[in-house]
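Worksheet for the structure shown next.
The values are calculated or read from the model by the stated rules, or taken from the named source; none is laboratory data. The shown structure was predicted, so the numbers you read here are calculated from the model rather than taken from an experiment. Methodologically, a virtual Cβ is constructed for each residue, glycine included, from the backbone with ideal geometry; neighbour enumeration extends over all protein chains shown.
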Amino acid sequence: MPAFDYSAYNSAGKLVSGVISADSERQARRLLKEKELLPATLATVTEQHTNNNSDKSGVNNGNKSGNKSIGRGRREARVNNWDLSLLLQQQAILIQSGLPLEEALRMTIEQAETDRQRRMVESWRSEITEGRSFSEALRRSPYKIPESIIAGVGVGEESGHLHKVLMRLAEDLESNAENRKTISRAMIYPATLIATSIIVVSIMMVWVVPKITAIFLSSKRELPLVTRIIVGLSEFTQAYGLFVLALIVALVFAFGRAMQNPARKERWHELMLNMPGMGRWIRMANISDWARSLGVLLTNGVPALAALTISSAVVSNLHLRRKFEAVTEGMRQGSSLQKALEDSQIGSGFLIHMVGSGEASSELDKMLLRVSEYYSVRLNNAVEVFLKLVNPILIIFMGMIILSVVAAVMLPIMDMNNMI
């Protein structure tokens, strides 16, 4: 049963929106009228096609599977990992309690916290009511679901342990999101502090300092060095501040346009990996995501080559993703995972040793999950140490700037008092 994205006016004349399932657009309009809603717009949500081309392992490649939405120019919407994790956890709990999947989805729609969550689950439910499996419903959804989730759900349906698989996939999503949040936290605080300092200093240079120093300049006396420097910076800011701001905005815009080119973006990602500190964090976060995704998929019974293909797609750094794809190709040609990782020079000896131990003991999935946990802990510790070091440094830096401005104002005043 198709789903329709609608906006309509209720009896109070307020415009509301949502998703409704119906056999046709005509029936959807009739159902809305039965709810005392006057339709304003109505668009098909789940009209799409699925690419039947699969990789050599028999599982559709996430980059090639055709989740293509049509309905009135609607684009495939991205999914927040936290929202998706919450919805999967809810389905796991409801299914474990004995509810059929369709009923569990209906209850989730009624209790959805946001309109986005409600639309997403309604698109799944509309496909399931047409007789499709849960994994196929996720693949056909207009919301972009990671291929690792779709593959895991498919295996869970086949094995009869869907609730266990859903809970494990939800935990995997949370862990991946936490790694990205860790790096963001390390960058957001210093960036916010520096940006605030620049704004405050700019305001002082443009409005405060000129009014105070005008008195000193009119006295025709020689000013202290720090005062002359501050006055010079103030004059530069007044004369060229807007040009500098426009240049920064233009550079940011040009950078964003350049990153739309995959080749340039991959070179930038390679450069980021070579940055001191930041490169090590990015490498650890991506290896942790790859190891966790691969470990979860193998635990759920996904074939090794398919699991490797899917896990490569979760790596956000394009340069590292190409290396993991080379690892997959090496495995396809008959190499062991340990040998393929050694040839690609992706991670440290710890990763290679753990993978080798896992292959030797037939516990590769467990070893990969331990690797993921190890790199996640290392990443958290590195970020905590960085924040503990950078916070006092930034505070001292801001204090020196403020002290310089105060000294530039107070030294001439003290000099004038001495003359009196």
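Using the structure shown, decide if Met284 is more than 25 Å from Ile183 (Cβ to Cβ), assigned to a helix (DSSP H, G or I) and touching a residue at least 24 places away in the same chain (Cβ under 8 Å). Can you show your working first?
Values: more than 25 Å from Ile183 (Cβ to Cβ): no; assigned to a helix (DSSP H, G or I): yes; touching a residue at least 24 places away in the same chain (Cβ under 8 Å): yes.
Against the criterion (more than 25 Å from Ile183 (Cβ to Cβ), assigned to a helix (DSSP H, G or I) and touching a residue at least 24 places away in the same chain (Cβ under 8 Å)), Met284 does not qualify.
Within the stretch 158-172, which residues are surrounded by fewer than 24 Cβ atoms within 10 Å (Cβ to Cβ) and either closer than 27 Å to Asp5 by Cβ or in contact with a Ser or Thr (Cβ under 6 Å, 6 or more places away or on another chain) (or both)?
If the condition is that a residue be surrounded by fewer than 24 Cβ atoms within 10 Å (Cβ to Cβ) and either closer than 27 Å to Asp5 by Cβ or in contact with a Ser or Thr (Cβ under 6 Å, 6 or more places away or on another chain) (or both), then Ala170 is the only one that fits.
Of all the helices (runs of 4 or more DSSP H) wholly in the stretch 100-209, which have at least 3 residues that are in contact with a Gly (Cβ under 7 Å, 6 or more places away or on another chain)? Write out each step before concluding.
Values: elements: 101-110, 115-128, 134-140, 147-159, 162-203.
In the stretch 100-209, 147-159, 162-203 are the helices (runs of 4 or more DSSP H) which contain 3 or more residues that are in contact with a Gly (Cβ under 7 Å, 6 or more places away or on another chain).
Looking at Ser175, Ser141, can you tell me which residue is in the same structural domain as Phe386 (by TED's automatic domain parsing), surrounded by 15 or more Cβ atoms within 10 Å (Cβ to Cβ), closer than 30 Å to Asp115 by Cβ and under 22 Å from the mean Cα position of the chain (by Cα)? Step through it out loud before you land on a result.
Working: Ser141 fails: in the same structural domain as Phe386 (by TED's automatic domain parsing).
So the residue among Ser175, Ser141 that is in the same structural domain as Phe386 (by TED's automatic domain parsing), surrounded by 15 or more Cβ atoms within 10 Å (Cβ to Cβ), closer than 30 Å to Asp115 by Cβ and under 22 Å from the mean Cα position of the chain (by Cα) is Ser175.
Taking helices (runs of 4 or more DSSP H) that do not extend beyond the stretch 293-406, which have at least 1 residues that are surrounded by 16 or more Cβ atoms within 10 Å (Cβ to Cβ) and basic (Lys, Arg)? Show your work before the answer.
Values: elements: 304-313, 318-332, 337-344, 349-361.
Counting at least 1 such residues, we get 318-332, 337-344.
I need every pair where a residue in the stretch 17-29 that is in contact (Cβ under 8 Å) with a residue 40 or more places away in the chain has its Cβ under 7 Å from the Cβ of a residue that is assigned to a loop (DSSP other than H, G, I, E, B), sequence separation at least 6 or different chains.
Val19/Val45; Ser21/Met1; Ser21/Thr129
Scan the stretch 252-281 residue by residue and report those that are over 13 Å from Asn317 (Cα atoms) and in a helix (DSSP H, G or I).
Restricting attention to the stretch 252-281, the residues satisfying the condition of being over 13 Å from Asn317 (Cα atoms) are 252-258, 260-261, 275-277.
Answer for the stretch 252-281, where residues must be over 13 Å from Asn317 (Cα atoms) and in a helix (DSSP H, G or I): Val252, Phe253, Ala254, Phe255, Gly256, Arg257, Ala258.
Can you confirm whether Ala258 is over 20 Å from Ser175 (Cα atoms), among the small types (Gly, Ala, Ser), free of Cβ contacts under 8 Å to residues at least 40 places away in the same chain and touching a helix residue (DSSP H, G or I) at 6+ places or on another chain (Cβ under 7 Å)?
Working: over 20 Å from Ser175 (Cα atoms): yes; among the small types (Gly, Ala, Ser): yes; free of Cβ contacts under 8 Å to residues at least 40 places away in the same chain: yes; touching a helix residue (DSSP H, G or I) at 6+ places or on another chain (Cβ under 7 Å): yes.
So Ala258 passes the test.
Might you check whether a residue that is under 19 Å from Asn274 (Cα atoms) and among the aromatic types (Phe, Trp, Tyr) occurs anywhere in the stretch 335-357?
No, the stretch 335-357 contains no residue that is under 19 Å from Asn274 (Cα atoms) and among the aromatic types (Phe, Trp, Tyr).
Can Thr237 be described as farther than 30 Å from Asn391 by Cα, of a type in the set (Ser, Thr, Tyr), assigned by TED's automatic domain parsing to the domain that holds Pro392 and touching a residue at least 12 places away in the same chain (Cβ under 8 Å)?
Details: farther than 30 Å from Asn391 by Cα: no; of a type in the set (Ser, Thr, Tyr): yes; assigned by TED's automatic domain parsing to the domain that holds Pro392: yes; touching a residue at least 12 places away in the same chain (Cβ under 8 Å): yes.
Taking the combined requirement at face value, the residue does not satisfy it.
Kindly indicate whether any position in the stretch 323-335 is in contact (Cβ under 8 Å) with a residue 60 or more places away in the chain and within 19 Å of the chain's Cα centre (by Cα).
So in the stretch 323-335, the residues in contact (Cβ under 8 Å) with a residue 60 or more places away in the chain come out as 332.
So of that shortlist, the ones also within 19 Å of the chain's Cα centre (by Cα) come out as none.
For the stretch 323-335, residues in contact (Cβ under 8 Å) with a residue 60 or more places away in the chain and within 19 Å of the chain's Cα centre (by Cα): absent.
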